[in-house]
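The structure appears right after this line, and notes come after that.
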Amino acid sequence: MLSKKVKSRILFLVLLLLLATVVIFFIFKSLEENIVYFFSPSEIYDKPNISLNEKIRIGGLVKEDSIIKDQTSIKFIITDLKKEIIVSYSGAVPNLFSEGKGVIAEGELKDKKYFVADEILAKHDENYMPPEVSKALEKSNN
Amino acid sequence: MFKNFFPNKILSLNNNLISSLLTAMILVILVGLIYALFISPPDYIQGDSVRIMYVHVPASFIALGCFGFIGIASILNLIFKIKFMSLMAKSLAPVGCIFSLVSIVTGSLWGKPTWGIWWVWDARLTSMVILLLFYLAYIFTWKFVNNFEKANKISSVIGTIGLFNLPVIKYSVDWWNTLHQPSSITLTSAPTIHYTMLIPLIIMLLGMIIYSLIIFLMRYKTEVMKFKLDRKKNNK
């Protein structure tokens, strides 16, 4: 049915694609540290050789009732519901920055629990709904 | 149905089909836009910037879908040497390329008010740029390599390699920590997007798919004509 030529081409291509998959997998595996955009607090805690005073990004949720604001600076806690890191930042936060929502902070770790940020980004989650629905959901949760 | 895409059939494609598709597209896009801009509610956090999604998501979807087709056509072409497959892929490439650009630009416009930044190099955004580069490489190969056989081979190799990027784009938000949010619409679970927002999204997707189909059919017809003319010239 298939000519010999076609068969050999299929075999060659399948082998090549398999090889490429394996190679790409290992490249991604070894570059994982560079591909992830941010580390969660748990990942920071689990890291054996943590690099202090070096630019990194951490991300998670802004812990409820943890925001302390004064005129120029803001302090809050980033949590992944297992571990927490205190973040301090001076400057304006994005509009969507709020308690219980996702956040990414770029800056330097002073120690495993304290982070000084020089940029704050709000992370949006995959939920989309009208305000009324969100209010109704909140009501039924409380 | 697939037979209709054979080179001889496509030449008899008349303008009636194109113009009825065009009418359908205008109607669907119009309804979609009215729904997206006026009827659907603002989001509970993002407010009105959620409306960018009604263009962003369909554009990304079509950009990925087109390259999926190009990749599979490239593999089939490398194995079986089916010429009309590569002509189809060639005609589809500009549509996908433009939509990947639209996806990147609209995403960036959405990112500023939502994340607080226009652009970051996280896995999703970077892999989307790589898709755009693959599109450009694919298109430029056809444009600048004059010999058909040669262009056909090189572009098919590019299409095949680029196929690997598609699952990376799709799953980048699950495999790595990214700034970009995970998918709201998945095959395995209920969509996390409210139906008042899902409806305009689907209508817009439909409208943009019809648009892509129109552009594709017109280009494909031209490509087949060009191919046949070249062939005739060379035989003389």
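Filtering region A:44-73 down to residues that are of a type in the set (Lys, Arg) and at pLDDT 85 or above, which residue is farthest from B:Gln181 (Cα to Cα)? Give the steps one after another, and end with the answer.
In the first step, residues of region A:44-73 are kept if they are of a type in the set (Lys, Arg); the result is A:47, A:55, A:57, A:63, A:69.
Subset that is at pLDDT 85 or above: A:55, A:57, A:63, A:69.
Values: A:Lys55: 23, A:Arg57: 16, A:Lys63: 19, A:Lys69: 27 Å.
That would be A:Lys69.
Restricting the search to region B:48-84, which residues are under 30 Å from A:Ala136 (Cα atoms) and free of Cβ contacts under 8 Å to residues at least 60 places away in the same chain?
Listed by number, the residues that qualify are B:Asp48, B:Arg51, B:Ile52, B:His56.
When the helices (runs of 4 or more DSSP H) confined to region B:1-104 are screened for residues that are more than 30 Å from B:Thr141 (Cα to Cα), those reaching at least 1 such residues are found at B:15-34, B:53-80.
Restricted to region B:47-103, and to residues there that are within 14 Å of another protein chain (Cβ to nearest Cβ) and among the aromatic types (Phe, Trp, Tyr), the residue that is nearest to B:Asn147 (Cα to Cα) is B:Phe80. Has region A:17-40 got any residue that is surrounded by 16 or more Cβ atoms within 10 Å (Cβ to Cβ), within 14 Å of another protein chain (Cβ to nearest Cβ), in contact (Cβ under 8 Å) with a residue 24 or more places away in the chain and among the aliphatic types (A, V, I, L, M)? The answer is no, given that none of the residues of region A:17-40 is surrounded by 16 or more Cβ atoms within 10 Å (Cβ to Cβ), within 14 Å of another protein chain (Cβ to nearest Cβ), in contact (Cβ under 8 Å) with a residue 24 or more places away in the chain and among the aliphatic types (A, V, I, L, M).
Confirm whether B:Ser108 is of a type outside the set (A, V, I, L, M), buried (at least 22 other Cβ atoms within 10 Å of the Cβ) and modelled with pLDDT of 90 or more. Even if it seems obvious, please write down each step before you answer.
Details: of a type outside the set (A, V, I, L, M): yes; buried (at least 22 other Cβ atoms within 10 Å of the Cβ): no; modelled with pLDDT of 90 or more: yes.
In short, no.
If you check B:Ile52, B:Ile82, B:Ile62, which single one turns out to be aliphatic (A, V, I, L, M), under 21 Å from B:Arg219 (Cα atoms) and modelled with pLDDT of 90 or more? Selected residue: B:Ile62, the only one of B:Ile52, B:Ile82, B:Ile62 that is aliphatic (A, V, I, L, M), under 21 Å from B:Arg219 (Cα atoms) and modelled with pLDDT of 90 or more. Of the residues making up region A:129-142, those that are in a loop (DSSP other than H, G, I, E, B) and either within 8 Å of another protein chain (Cβ to nearest Cβ) or buried (at least 20 other Cβ atoms within 10 Å of the Cβ) (or both) are A:Met129, A:Pro130.
The values are calculated or read from the model by the stated rules, or taken from the named source; none is laboratory data. Everything numeric in this text was worked out from a predicted model, so none of it was measured. Neighbour counts are summed over all protein chains in view; Cβ atoms, including those assigned to glycine, are modelled from backbone coordinates with ideal geometry.
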